[in-house]
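The values are calculated or read from the model by the stated rules, or taken from the named source; none is laboratory data. Bear in mind that the values here come from a model prediction, so they are computed numbers and not experimental data. When we count neighbours, we look across all protein chains shown, and the Cβ atoms used for this are built from the backbone with ideal geometry, even at glycine. These accessible areas exclude ligands, DNA and RNA; they are computed on the full protein's heavy atoms, side chains included. Shrake-Rupley method; radii C 1.70, N 1.55, O 1.52, S 1.80 Å.
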Amino acid sequence: MDIVAGYKDAQTYHDTNNPVWFNAIVGRVANRIAGGKFTLGKKSYSIFANNPPNSLHGGKIGISHKIWDGAIIHDGSAVRFSLQSSNGDQGFPGTVTINATYSLRPSFSSSGVVLQLDMSAELVQSGEFTEGNVSQESPINLASHTYFNLGDHHNGILDHYLKLESDSYTPVDEHLI
C-alpha cells in the first residue's frame, strides 16, 4: 500500500516542477498571501503572485523548489535538511535558516518505530538590531505538504473524508483567502 502520495521517481518531480507540492516543505509562508503583498513594521513588501492574484507557498520559487543541504544525524536514525533563505529571497526580508529533520524513534504504542518530522526556522542576525530595522524580521509559516493515503493503492487519496468536530472555522473568499 502507498502510504504517501507522490511521483514514482525523482525525475518526475523535476520534469513536472511538482505543481501540487507533493511531499514538499513549503514556505517561507505556506498558504496564500493576499495580493502578494504584506506590511511588516512600516515597510511594504511584494511577493510574486504565482497563484493570481495571490502568492502561494512562498512565491515564484518557494523553498520547496530549492536545493537543500542534507546530513545524517543521531547515529543514522535521522536526516536533517537545511536551507538558508537570504534577505530578499522571493521578496521576503531577513535571512532565515530553515531545518527539516526526519527521524525514526521508538513507538510508544507498539514494538515498531515512528517517523517524526520536526521543522524550525531561525532568523540569522547580522549586525545590530534596532527598532524600525525590519530587515531583521520576516514572516514564517512552514508546512509539510504530504498527502497521506489512508485507502488502498487503487482508490487513492481522493476518496477520503474528514470530519472535524469544531465550534468554528475560518471561511475563505473566492481566492481562498
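If only one of D89, D2 is at pLDDT 90 or above and acidic (D, E), which one is it? After applying the criteria, what remains is D89. Across region 58-86, the qualifying residues are those that are open to solvent by 20 Å² or more (accessible area, probe 1.4 Å) and assigned to a loop (DSSP other than H, G, I, E, B), and the one among them that is farthest from T97 (Cα to Cα) is S77. Here V113 meets the list (1) surrounded by 11 or more Cβ atoms within 10 Å (Cβ to Cβ); (2) at pLDDT 95 or above; (3) over 26 Å from F38 (Cα atoms) almost entirely, failing just condition (2). Here T39 clears all of (1) in contact (Cβ under 8 Å) with a residue 40 or more places away in the chain; (2) assigned to a strand (DSSP E or B) except the condition numbered (1).
Residue check: L40 meets all listed conditions (1) under 28 Å from H14 (Cβ atoms); (2) open to solvent by less than 40 Å² (accessible area, probe 1.4 Å); (3) of a type in the set (A, V, I, L, M, F, W, C) but one, namely (1).
If you go through region 128-177 and keep only what is charged (D, E, K, R), more than 26 Å from L117 (Cα to Cα) and at pLDDT 75 or above, you end up with D167, D173, E174.
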